[in-house]
1. Does Pro415 qualify as being surrounded by fewer than 20 Cβ atoms within 10 Å (Cβ to Cβ), modelled with pLDDT of 95 or more and assigned by TED's automatic domain parsing to the domain that holds Ser382?
2. For the stretch 93-107: of the residues being charged (D, E, K, R) and surrounded by 18 or more Cβ atoms within 10 Å (Cβ to Cβ), which is farthest from Leu168 (Cα to Cα)?
3. Go through the stretch 409-468 and give me each residue that's among the small types (Gly, Ala, Ser) and on the phi < 0 side of the Ramachandran plot.
4. Ile343 versus (1) touching a Gly at 6+ places or on another chain (Cβ under 8 Å); (2) within 25 Å of Leu200 (Cβ to Cβ); (3) crowded, with 23+ Cβ neighbours inside 10 Å: which is the lone unmet condition?
5. Search the stretch 322-362 for residues being within 13 Å of the ligand (Cβ to nearest atom), of a type outside the set (A, V, I, L, M) and in contact with a strand residue (DSSP E or B) (Cβ under 8 Å, 6 or more places away or on another chain), and hand back the single one that is nearest to Pro232 (Cα to Cα).
6. Of (1) over 18 Å from Val135 (Cα atoms); (2) in contact with a helix residue (DSSP H, G or I) (Cβ under 6 Å, 6 or more places away or on another chain), Tyr462 satisfies all except one. Which?
7. Against the conditions (1) at pLDDT 95 or above; (2) not assigned by TED's automatic domain parsing to the domain that holds Ile403, where does Ala347 fall short? Just the number, please.
8. For the stretch 324-364, name all the residues that are closer than 29 Å to Glu293 by Cβ and of a type outside the set (Ser, Thr, Tyr).
Amino acid sequence: MPVVRARPEAEGCRACLRAGPAISGAGVASAGRSPHPGGTTLPCVDVCVVVRYRKAVTYGVHALLAALEVSGAECDLRLGTTPEETAAHIAASEADRVLVLWSFYSPDADAMAAELATVRALADDERVLHLAGGVHATAEPQHVIDSGWDMAAIGEGESTIIALVAALREGTPLTSVPGLALRDDDGVAVRTGPARQLPLDAFPSFPNRRRHFGPIEITRGCRYTCRFCQTPFMFGGRFRHRSVASVREHVRWMAEHGLRDVRFITPTSLSYGSQGPDPALDAVEELLAAVKEELPPHGRVFFGSFPSEVRPEHVTPEAMRLLKRYVANDNIIIGAQSGSDEILAAAGRGHGVQPVRDAVRIAVEHGFRPNVDFIFGMPGESARDQEASLKLAAELADLGARIHTHTFMPLPGTPWRDAEPAFIPLSTMRELDRLAQRGDAYGHWRKQAEHAVRLAETAKAYPRRARRRRTGG
Ligand code: SF4
């Protein structure tokens, strides 16, 4: 049964006790508030932020919550762990505006659109704005607007969410908020100005006061140009590293709350402190030593393992000896992706097959079990290329590695968004199953093959750069 709550015409603003005007919808118009008597624009609108809180996207959501926390943006904040709980928070809120935040990856876009419809059916009124953020919304704002969201957040969300809450409170036009795509009267996604990419120290990785702890993001953006990867598109083509002082502060917060395990978010662990292709091992050591210093004696540091990985050419004896001195993980994740030099070159990986072999051998020699990522079905991959990947996977498994198998997905925002996935024959599938049955491989490659089909359909329905407009705001 939908809960439809219209805001009474004569309802006063709780912040300034002044009768407030009805607020228009999400569109390109202002949030609809007239200035206070005397022409001032003091805040007078209550804002409630409801987050559709899912395990798959907690890191990104925690970064937004942290940004709101340190900015001092005044808003009531609630987390909905299911569509029903999300709707219940919306219905229960008495705020003048309810901003509902959604974040998802491209393969989940359709499932999230179905959830959005459920939430709207359960609780909806003119106070509510649904905002989609994350990499899919950034790459395909028109798709998310057509799928039912009122707005899309483009790029990194921290400064956008702070500005958006402020605009809703103060009644300034949403066109003035950077990093949004708003639906105009024709249903077209119209972009506001771009949000700035700030240094990583500008905001914490997670909200300390709300005690949502997690891995510390030490590096954002990536200088490499792998054609299947959304990271450089979303976060820029250079590394932004968090300072050691900022990392120390995060570890202190965690230790104060009795947490003893520290993990990191980074596109390539051993690139910490470096701007180029070579690791800056002094910077890595400074980081790891600082984290150890802040932790209690029984504290543990996990580096180069989930949720991050290392590039194969960075796995050297020197680097492994350094990790052994500091880390608690017994495994490291190495991105190999293919056993074909031609495919690695076409994918823009910046390394060949031999560094992968060397990395696995060196890691094993230094007591790490390598988990090695492979992607099958990359564009242009021939039967011979797939055979080379399967042969390399078996060889690495014999050395002691576990193979993490993926299927190529044409992800929005990447150079290979419109590329045709290579055919994966039954024989390759059987071989992957055989490796998995032996305990040498794991992964969701079958599910990803289904996602790939849907992503290709969306890409065809939304030709690149179609119907893109920018507001004058
Ligand atoms: S796959 Fe890894 S190294 Fe390549 S662009 Fe993405 S994050 Fe960077």
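1. yes
2. The qualifying residue farthest from Leu168 (Cα to Cα) is Asp96.
3. Of all residues in the stretch 409-468, those among the small types (Gly, Ala, Ser) come to 413, 419, 422, 427, 436, 439, 441, 443, 449, 452, 456, 459, 461, 466.
Of everything in the stretch 409-468, those that are among the small types (Gly, Ala, Ser) and on the phi < 0 side of the Ramachandran plot turn out to be Ala419, Ala422, Ser427, Ala436, Ala441, Ala449, Ala452, Ala456, Ala459, Ala461, Ala466.
4. (2)
5. Per the criteria, the residue is Arg349.
6. In the conditions (1) over 18 Å from Val135 (Cα atoms); (2) in contact with a helix residue (DSSP H, G or I) (Cβ under 6 Å, 6 or more places away or on another chain), Tyr462 misses (1) alone.
7. Going through (1) at pLDDT 95 or above; (2) not assigned by TED's automatic domain parsing to the domain that holds Ile403 one by one, Ala347 breaks only (2).
8. If the condition is that a residue be closer than 29 Å to Glu293 by Cβ and of a type outside the set (Ser, Thr, Tyr), then Lys324, Arg325, Val327, Ala328, Asn329, Asp330, Asn331, Ile332, Ile333, Ile334, Ile362, Ala363 are the ones that fit.
The values are calculated or read from the model by the stated rules, or taken from the named source; none is laboratory data. It should be emphasised that the depicted structure is a prediction, and the values quoted were computed from it without experimental measurement. As a convention, Cβ positions derive from the backbone with ideal geometry for all residues, glycine included, and neighbour counts pool all protein chains shown.
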